[in-house]
Amino acid sequence: MEVKTASFEKVEKKAMTVSGAEAVIKCLLEEGVETIYGYPGGAIMPVYDELFKYQDKIHHVLTRHEQGATHAAQGYARVSGKVGVAVATSGPGATNLVTGIADAMIDSTPMVCITGQVGSNLLGSDAFQETDIVGISTPITKWNYQITKAEEIPEIIAKAFYIARSGRPGPVLVDITKDAQFASLDFTYKKCSGIRSYKPYPEVNLLEVERAAGVINNAKKPLIVFGQGVILGGAEDLLKKVVEKAGIPSAWTILGLSALPTDHPLNVGMVGMHGNYAPNLLTNECDVLIAIGMRFDDRVTGNLEHYAKQAKIIHFEIDPAEVNKNVHTDYPVLGNVKETLNSLLDLLKENQHTEWHDRFKELYKEEYKKVVSLNLDVSKPDIHMAEVIQQINEFSKGDAVIVSDVGQHQMKACRYGKFNQTRSNVTSGGLGTMGFALPAAMGAKMAVPEREVVAVIGDGGYQMTIQELGTIFQTKIPVKIVVLNNGFLGMVRQWQQLFFDKRYASTEMINPDFVTIAKGYHLKTNKVTERSELKAAVKEMMESKEAYFLEVKVEQEENVFPMIPTGAAVSDILLE
Amino acid sequence: MEKKNYTVSIYTENNLGLLSRIAAIFLRRHINIESITASPSEVNDVMRFIIVVNVTEDQIKKIVGQIEKQIEVIRAFYHTQEETIFQETALYKIKSQSFLDDHSIQDFIKETNARIVTVTTEFFVIEKTGKRKEVDELYDTLKPYGLMQFVRSGTIAVTKNEMPISGILEKFNTTNSIS
Ligand SMILES: Cc1ncc(C[n+]2csc(CCOP(=O)(O)OP(=O)(O)O)c2C)c(N)n1
């Protein structure tokens with residue numbers, strides 16, 4: 001407290017100076033930040049005190065848990081393309097951010113986390129609520145830094161935003177000691193436009209693009225697999241033009257979803273463990289595999305020994321460390337996809353590949369018969385997850401943002417969700433974080449208030465961040481929440497059924513009355529147990545101007561197919 | 001693929017915390033660091049880490065890629081032992097008595113190009129700079145005489161060929177820092 005009076009005196013003497021805490025807010029304003037998510041506590045109190053002063057300029061959303069703050073910031077970032085901001089206190093506040101930071105890291109989401117830290121004189125002394133958050137977050141941040149002097153604040157925060165959003169985006173953490181928040185500085189702000197040791201992305205090598213174009217032009221059976229890089233690079237239109245000009249069947253990774261409209265005739269579905277039949281099977285048949293802004297995650301490739309061995313591999317990638325990391329690339333094309341695809345487009349020959357494309361259609365027919373028709377079968381008594389997603393499509397007309405949690409419902413939401421616009425599918429892909437969707441949907445809705453945002457969540461994951469209903473209630477964010485209740489940790493139960501002799505160890509869930517809980521948070525609610533009620537309930541939810549909670553009792557032991565068992569080749573994909 | 005000793009040279013900004021970032025890259029992949037040194041480089045404000053690890057070429061390529069990704073890393077390179085000139089320094093502390101008792105020790109020192117750094121009534125300190133093998137050999141020779149203490153440095157190395165870093169660092173030094 002002594003420090004406080006001392007620094008406040010200084011502020012009065014020198015009109016141009018501000019406290020470190022105020023500098024933090026000014027930096028955020030300079031970066032165009034309007035909304036931040038966080039939770040206060042002792043070590044970050046000076047910043048919160050300033051937030052009070054600036055509340056008409058910066059909207060601070062008090063989540064009910066710091067994890068919720070990170071996921072909300074992520075949802076906001078993923079939909080808006082801007083940097084999401086989360087704020088927490090030291091110690092437990094900071095450690096509660098860890099899951100969201102790790103999630104943002106693996107899914108390349110731009111985020112700046114600001115944490116308070118004990119006074120610099122106490123660092124390393126195991127002081128109250130001291131945690132080495134810089135040490136803890138080192139492997140899960142793109143960059144992090146501990147500020148111990150107020151003067152460092154503008155430069156470091158400018159750097160943090162620049163690093164978070166440039167090149168391959170990612171989370172950055174800035175830890176600020178309490179004395180640095182109290183101390184004063186002469187505030188001037190200069191946005192960071194470059195760091196001498198950091199090159200956000202490699203320069204395009206036209207030779208690489210030409211070589212790739214040559215290989216694509218000569219391909220008989222080319223297959224494109226696109227990932228989130230297309231979205232992060234703002235190259236959706238270019239992708240579409242490339243796909244159309246060269247007539248190449250195109251499949252997406254879970255994070256690439258929505259970069260190309262779902263209904264596009266050359267969109268052949270999802271690759272990976274629970275992806276579509278045709279693109280997985282034909283990965284091992286194509287002669288050229290064109291990977292665009294994706295990183296050959298093991299969930300995508302299955303067994304690497306048997307992944308696209310027959311194909312020449314072209315990899316359009318921003319991050320040089322990703323090339324050859326998992327899959328040997330014959331033709332790397334480094335650079336921002338917006339630039340590389342742009343150069344590629346001119347060099348491509350127009351093509352159709354009709355016969356090759358027909359193979360996808362044939363295999364889809366088979367998948368339809370064995371999987372899709374069953375997933376939508378209305379003759380069975382129980383409601384299927386896919387039916388619910390279809391109803392949402394019906395009323396959203398493909399224009400909603402769908403935020404899914406992790407589990408069976410996630411696969412169904414991604415496989416059956418319909419998207420006309422980019423940045424509309426928000427899900428935790430790389431980390432698979434249960435509890436992601438509720439707070440992420442909240443953030444997403446704040447980023448695009450004019451659009452419908454629907455969270456699709458399992459009964460398990462819902463209960464991991466269910467407390468964020470409090471935030472939704474308090475802030476009146478009109479997000480739509482659909483809980484697909486199967487009374488199980490469904491995805492794990494499916495594995496137990498298929499690979500552990502149906503021993504359902506700790507996957508059954510005895511659930512509370514979700515509707516009563518949502519009512520307790522003063523939300524509009526509904527619960528559907530019969531198919532006959534589903535349509536009307538979804539309609540009511542979609543038309544609601546307020547936040548809305550809908551519970552749907554779905555079939556208990558439904559499985560997600562197709563499926564590539566762990567360790568199997570992508571072409572060993574099972575339909576049943 | 002065959003495992004070999006590789007020397008990784010990393011040129012970085014002089015920043016707190018970078019060592020743990022770099023170490024974490026090895027740790028995460030369960031790769032034991034054989035030796036590590038960190039010191040200022042020939043360029044002002046630029047640090048150089050030299051890390052020796054025993055891995056396959058495929059592994060070392062990926063690791064160097066991950067290291068280069070770090071914001072404050074300027075460049076990272078890897079070299080085989082054959083491509084570098086590398087040295088270690090070791091200090092051997094021996095009882096003065098053994099020295100006086102057996103004159104052959106003095107011959108070893110001469111033969112191996114070691115040198116005596118300090119002499120007291122109780123002990124001698126001998127210093128030897130050379131390849132790891134040479135340092136080891138002298139260790140084996142001196143051991144029977146009662147080594148009181150022994151310490152060796154990490155490897156330091158320079159490449160036999162010109163490093164492409166020179167030009168980069170030169171430019172680097174003249175461009176402004178964080179803008
Ligand atoms: C935080 C976290 N813990 C555990 C898991 C492992 N896990 C993956 S899916 C799943 C089941 C999800 O169940 P639920 O939320 O009910 O969704 P469902 O699969 O039934 O649709 C679990 C436990 C995880 N992904 N994240």
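Taking the stretch A:516-546, which residues are more than 26 Å from A:L376 (Cβ to Cβ), in a helix (DSSP H, G or I) and in contact with a Phe, Trp or Tyr (Cβ under 8 Å, 6 or more places away or on another chain)?
Correct list: A:A518 only.
Please indicate, with yes or no, whether at least one residue in the stretch A:500-515 is within 14 Å of the ligand (Cβ to nearest atom), surrounded by fewer than 22 Cβ atoms within 10 Å (Cβ to Cβ) and not in a loop (DSSP other than H, G, I, E, B).
Yes: the stretch A:500-515 contains one or more residues that are within 14 Å of the ligand (Cβ to nearest atom), surrounded by fewer than 22 Cβ atoms within 10 Å (Cβ to Cβ) and not in a loop (DSSP other than H, G, I, E, B).
In the stretch A:133-148, which residues are of a type in the set (A, V, I, L, M, F, W, C), under 12 Å from A:L123 (Cβ atoms) and within 9 Å of chain B (Cβ to nearest Cβ)?
Selection gives A:V134 alone.
Scanning for something hydroxyl-bearing (S, T, Y), closer than 18 Å to B:I116 by Cα and touching a residue at least 24 places away in the same chain (Cβ under 8 Å), does the stretch B:154-165 turn up at least one residue?
No; the residues of the stretch B:154-165 include none that is hydroxyl-bearing (S, T, Y), closer than 18 Å to B:I116 by Cα and touching a residue at least 24 places away in the same chain (Cβ under 8 Å).
Among the residues in the stretch A:456-466, are any more than 11 Å from the ligand (Cβ to nearest atom), crowded, with 24+ Cβ neighbours inside 10 Å and either more than 17 Å from A:M111 (Cα to Cα) or within 14 Å of chain B (Cβ to nearest Cβ) (or both)?
no
Anything in the stretch B:39-58 that is farther than 18 Å from B:F86 by Cα and surrounded by fewer than 17 Cβ atoms within 10 Å (Cβ to Cβ)? List them, or say none.
The answer is B:N44, B:D45, B:T56, B:E57, B:D58.
Show me the helices (runs of 4 or more DSSP H) entirely contained within the stretch B:1-111 in which 2 or more residues are closer than 22 Å to A:Y145 by Cβ and not polar (S, T, N, Q).
B:18-28, B:57-69
Kindly indicate whether any position in the stretch B:54-63 is facing another protein chain (nearest Cβ under 10 Å) and closer than 20 Å to B:A157 by Cβ.
First, the residues of the stretch B:54-63 that are facing another protein chain (nearest Cβ under 10 Å): B:58, B:61-63.
Still in the list and also closer than 20 Å to B:A157 by Cβ: B:61, B:63.
Yes.
Which residue, of B:I36, B:I85, B:I116, B:I109, is open to solvent by 30 Å² or more (accessible area, probe 1.4 Å), away from chain A (no Cβ under 14 Å), free of Cβ contacts under 8 Å to residues at least 40 places away in the same chain and in contact with a strand residue (DSSP E or B) (Cβ under 7 Å, 6 or more places away or on another chain)?
B:I116
Quick check: anything in the stretch A:411-425 more than 14 Å from every other protein chain (Cβ to nearest Cβ), more than 18 Å from A:I101 (Cα to Cα), buried (at least 21 other Cβ atoms within 10 Å of the Cβ) and near the ligand (Cβ under 9 Å from one of its atoms)?
yes
Tell me whether the stretch A:428-437 contains one or more residues that are of a type in the set (A, V, I, L, M), within 14 Å of the ligand (Cβ to nearest atom) and open to solvent by less than 10 Å² (accessible area, probe 1.4 Å).
yes
Assuming A:V98 fulfils every condition listed in (1) within 16 Å of the ligand (Cβ to nearest atom); (2) open to solvent by less than 10 Å² (accessible area, probe 1.4 Å); (3) free of Cβ contacts under 8 Å to residues at least 60 places away in the same chain apart from one, which condition is it?
Going through the list (1) within 16 Å of the ligand (Cβ to nearest atom); (2) open to solvent by less than 10 Å² (accessible area, probe 1.4 Å); (3) free of Cβ contacts under 8 Å to residues at least 60 places away in the same chain, A:V98 breaks only (2).
Which of the residues that make up the stretch A:123-151 are more than 27 Å from B:F26 (Cα to Cα), of a type in the set (D, E, K, R) and in contact with a strand residue (DSSP E or B) (Cβ under 6 Å, 6 or more places away or on another chain)?
A:E151
Picking from A:Y162, A:Y201, A:Y145, A:Y189, which residue would you name as being under 21 Å from A:Q117 (Cα atoms) and open to solvent by 10 Å² or more (accessible area, probe 1.4 Å)?
A:Y145
Please give the number of the condition A:L289 fails out of (1) outside any loop (DSSP other than H, G, I, E, B); (2) surrounded by fewer than 21 Cβ atoms within 10 Å (Cβ to Cβ).
If we test A:L289 against (1) outside any loop (DSSP other than H, G, I, E, B); (2) surrounded by fewer than 21 Cβ atoms within 10 Å (Cβ to Cβ), just (2) comes out false.
Counting only residues that are over 25 Å from A:A447 (Cβ atoms), open to solvent by 10 Å² or more (accessible area, probe 1.4 Å) and within 13 Å of the ligand (Cβ to nearest atom), how many does the stretch A:386-407 have? Please lay out each step first, then the result.
Initially, the stretch A:386-407 is screened for residues over 25 Å from A:A447 (Cβ atoms), giving A:386-387, A:390.
Of the ones still in play, those that are also open to solvent by 10 Å² or more (accessible area, probe 1.4 Å) are A:387, A:390.
With the extra rule that they be within 13 Å of the ligand (Cβ to nearest atom), the set shrinks to none.
The qualifying residues number 0.
Please note which helices (runs of 4 or more DSSP H) are completely contained in the stretch A:407-485 and include at least 1 residues that are polar (S, T, N, Q).
A:408-416, A:469-475
Here is a yes/no grid of residues against (1) in a helix (DSSP H, G or I); (2) modelled with pLDDT of 95 or more; (3) among the hydroxyl-bearing types (S, T, Y):
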site: A:E9; (1), (2), (3): yes, no, no
site: A:L28; (1), (2), (3): yes, yes, no
site: A:I36; (1), (2), (3): no, yes, no
site: A:L51; (1), (2), (3): yes, yes, no
site: A:G100; (1), (2), (3): yes, yes, no
site: A:T115; (1), (2), (3): no, yes, yes
site: A:N121; (1), (2), (3): yes, yes, no
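So which residues in the stretch A:175-211 are among the hydrophobic types (A, V, I, L, M, F, W, C) and modelled with pLDDT of 95 or more?
Looking only at the stretch A:175-211, we keep the residues that are among the hydrophobic types (A, V, I, L, M, F, W, C), and these are A:176, A:180, A:182-183, A:185, A:187, A:192, A:195, A:204, A:206-207, A:209.
Within the stretch A:175-211, A:I176, A:A180, A:F182, A:A183, A:L185, A:F187, A:C192, A:V204, A:L206, A:L207, A:V209 qualify.
Which residue is farthest from A:T148 (Cα to Cα), if the candidates are limited to the stretch A:14-57 and must be among the charged types (D, E, K, R) and under 30 Å from the mean Cα position of the chain (by Cα)? Outline the logic, then answer.
Kept after step one, since they are among the charged types (D, E, K, R), are these residues of the stretch A:14-57: A:14, A:22, A:26, A:30-31, A:34, A:49-50, A:53, A:56-57.
Okay, now just the ones that are also under 30 Å from the mean Cα position of the chain (by Cα), so A:26, A:30-31, A:34, A:56-57.
Values: A:K26: 18, A:E30: 21, A:E31: 22, A:E34: 26, A:D56: 29, A:K57: 26 Å.
Ranking the candidates gives A:D56 first.
In the stretch A:156-195, how many are charged (D, E, K, R), in a strand (DSSP E or B) and away from chain B (no Cβ under 13 Å)? Before the answer, list the steps.
First, the residues of the stretch A:156-195 that are charged (D, E, K, R): A:159, A:165, A:168, A:175, A:178-179, A:186, A:190-191.
Then drop every residue that is not in a strand (DSSP E or B), which leaves A:175, A:186.
Within this subset, residues satisfying the condition of being away from chain B (no Cβ under 13 Å) are A:186.
Matching residues across the stretch A:156-195 total 1.
Mind checking which pairs have a first residue in the stretch A:248-269 that is at pLDDT below 95 and a second that is buried (at least 24 other Cβ atoms within 10 Å of the Cβ) and β-branched (V, I, T), Cβ under 8 Å, 6 or more apart or different chains?
none
The values are calculated or read from the model by the stated rules, or taken from the named source; none is laboratory data. Just so it is clear, the model here is predicted, and its values are computed rather than measured. Reconstructed Cβ throughout: ideal geometry from the backbone, glycine too, with neighbour counts over all protein chains shown. With ligands, DNA and RNA removed, areas are computed over all heavy atoms of the protein, side chains included. Shrake-Rupley method; radii C 1.70, N 1.55, O 1.52, S 1.80 Å.
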